[in-house]
Amino acid sequence: MKLTSRSVPRTALGAALLSVTTLGAALLVNAPVAQAATTLGASAAESGRYFGAAVAAHKLSDSVYTGILNSEFTSVTPENEMKLDATEPTQGQFTYTSADRIVAHAAARGMKVRGHTLAWHSQQPGWMQSMEGAPLRSAMLNHVTQVATHYRGKIDSWDVVNEAFADGDGGGRRDSNLQRTGNDWIEAAFRAARAADPGAKLCYNDYNTDDWTHAKTQAVYRLVQDFKTRGVPIDCVGFQSHFNPASPVPSNYQTTLENFAALGVDVQITELDIEGSGSAQASNYDRVTRACLAVARCNGITVWGIRDTDSWRASGTPLLFDGSGNKKAAYTSVLAALNGGTTPPTSTTTTTTTPGGPAGCTATVSLNSWNGGFVATVKVTAGSAAINSWNVTTNLPSGVSVTGSWNAERTGTSGAVQWRNAAYNGKVAAGQSTEFGFQGTGSAGTLTPGCTAG
Ligand code: 9MR
């Protein structure tokens, strides 16, 4: 008799009569088929990462907000509650009520906490703003020690120092009262934090450090390199990753994460938000998520708020949920990327070339598939001459349906689906490429896209 899971009575599984081989086969058939996870936190967890959100204590009584937080996220960062002005409003008098609420909320649900932040030029209490020199240095160190001690054992990662480097071409330190206490103020803060909470990962956190070629990125890199060389305690670098049309996701973002990780620190995306909407925004979120997944030491992503209306840049609608708490296309693309990145992908790359004529193009597709779904990334490459527009056809097998797409205009959701360039990516220089993507349900099998160019 052929042995299948159905034909093996449950009691028979325990019977000594079954040989080890047969038992093994029966268990294999009985094993549940791996499913793609359905929340950000669960799918990030499949590769050992967290997926977090910045949280405001006063919003924890908003049931829509808290519902999303509790179901989707596995880490929190107090958005303002742990900053210097919040925790030490009067010198020597510490107030933790709001921050403690967030920490308790997280602890009750097994969420990690990113502490933000112990030393920063901004959001200093008035008494600190007017200090300089040695008194300020010792007040800063006392603050680091007191706050890190209060939260000892409860913090996964601390942003020990935030935004200490200047923007612009120089690659130097930002001028501030803390900087004027001496160039070693950053390492002094890290040493104090380590002494106060030896179990927390200690991070340096900044913005505009995403492009590997920028002087600011290089300056932070040299700081971390120097700390590692000299044994100054540092465990991680936070990339805030606030993106918008004026400050887009750089093409070398993954390179930046890789290069920092190679110094022997974790890298974390700490304040992610990307202004925009629809497929363009979804595509950018997809890229950032994939960049993190591609770097083993990128161990978590935090978005800077939950709904668009919770954002410090609400008008730019930069988050994963709309003001009513609905999942946006950006959410779907992040979840798909997380699932694609964590399920052993079935990758198929096929190429078809449209011959003849300088206006030709090539389309190749990479598939990340899991049981019941897939994400396809299609690369359109211009031939020996620049092209002004492109059309791609994907013949989808029966049972496959497109559920979302980005960076292309779509006609149809099943069968022969047509893709035309979006307004912004039709022009491709000779030999250069652009990408669009889509996700779908069903098994995509082997796709052989056709490409024509104009
Ligand atoms: O999101 C925070 C906003 O509510 C505050 O008003 C603002 C004040 O500086 O800080 C925002 O958070 C910042 C974070 O602490 C550090 N990186 C930049 C963030 C956006 O400004």
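Tabulated data
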| read-out | value |
| --- | --- |
| Identity of the residue in region 45-64, within 16 Å of the ligand (Cβ to nearest atom) and under 16 Å from Leu335 (Cα atoms), that ends up surrounded by the fewest Cβ atoms within 10 Å (Cβ to Cβ) | Ala53 |
| Qualifying position, being among the aliphatic types (A, V, I, L, M) and surrounded by fewer than 18 Cβ atoms within 10 Å (Cβ to Cβ), among Ala148, Ala134, Ala119 | Ala134 |
| Where a residue in region 290-315 is in a strand (DSSP E or B) and its partner, wherever it lies, is among the basic types (Lys, Arg) and within 16 Å of the ligand (Cβ to nearest atom), with Cβ under 9 Å and at least six apart | Gly300/Arg114; Thr302/Arg114 |
| Residue, nearest to the chain's Cα centre (by Cα), within region 195-228, restricted to residues that are β-branched (Val, Ile, Thr) and within 19 Å of Arg297 (Cα to Cα) | Thr209 |
| Number of the condition not met by Gly67 [criteria: (1) away from the ligand (no atom under 16 Å from the Cβ); (2) of a type in the set (Gly, Ala, Ser); (3) touching a residue at least 60 places away in the same chain (Cβ under 8 Å); (4) not in a helix (DSSP H, G or I)] | (4) |
| Of all residues making up region 303-344, the number that are within 13 Å of the ligand (Cβ to nearest atom) and of a type in the set (Lys, Arg) | 1 |
| Hits in region 156-173 - residues which are more than 16 Å from the ligand (Cβ to nearest atom) and either crowded, with 20+ Cβ neighbours inside 10 Å or assigned to a loop (DSSP other than H, G, I, E, B) (or both) | Asp156, Gly168, Asp169, Gly170, Gly171, Gly172 |
| Residues being among the aromatic types (Phe, Trp, Tyr) and in contact with a Gly (Cβ under 9 Å, 6 or more places away or on another chain) - total across region 290-313 | 1 |
| Filtered residue count, region 197-218, keeping only those that are assigned to a loop (DSSP other than H, G, I, E, B) and either on the phi > 0 side of the Ramachandran plot or within 16 Å of the ligand (Cβ to nearest atom) (or both) | 4 |
| Scope region 425-446; condition under 25 Å from the mean Cα position of the chain (by Cα) and either of a type in the set (Val, Ile, Thr) or more than 15 Å from Asn395 (Cα to Cα) (or both); matching residues | Asn425, Ser433, Thr434, Glu435, Phe436, Thr441 |
| Selection count where residues are in a loop (DSSP other than H, G, I, E, B) and of a type outside the set (S, T, N, Q), scope region 401-419 | 2 |
| Tally, over region 229-254, of residues that are assigned to a strand (DSSP E or B), of a type in the set (S, T, N, Q) and free of Cβ contacts under 8 Å to residues at least 40 places away in the same chain | 1 |
| Filtered residues of region 102-132 (kept if out of contact with any Pro (no Cβ under 9 Å at 6 or more places or on another chain) and outside any loop (DSSP other than H, G, I, E, B)) | Ala104, His105, Ala106, Ala107, Ala108, Lys112, Thr117, Leu118, Ala119, Trp120, Met128, Gln129 |
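Quick note: the coordinates plus some simple rules give every number you see, no bench work behind them. In this text the structure is predicted, and so the values were computed from the model without any measurement. Counting neighbours? That spans all protein chains shown, and the Cβs are built from the backbone with ideal geometry, glycine included.
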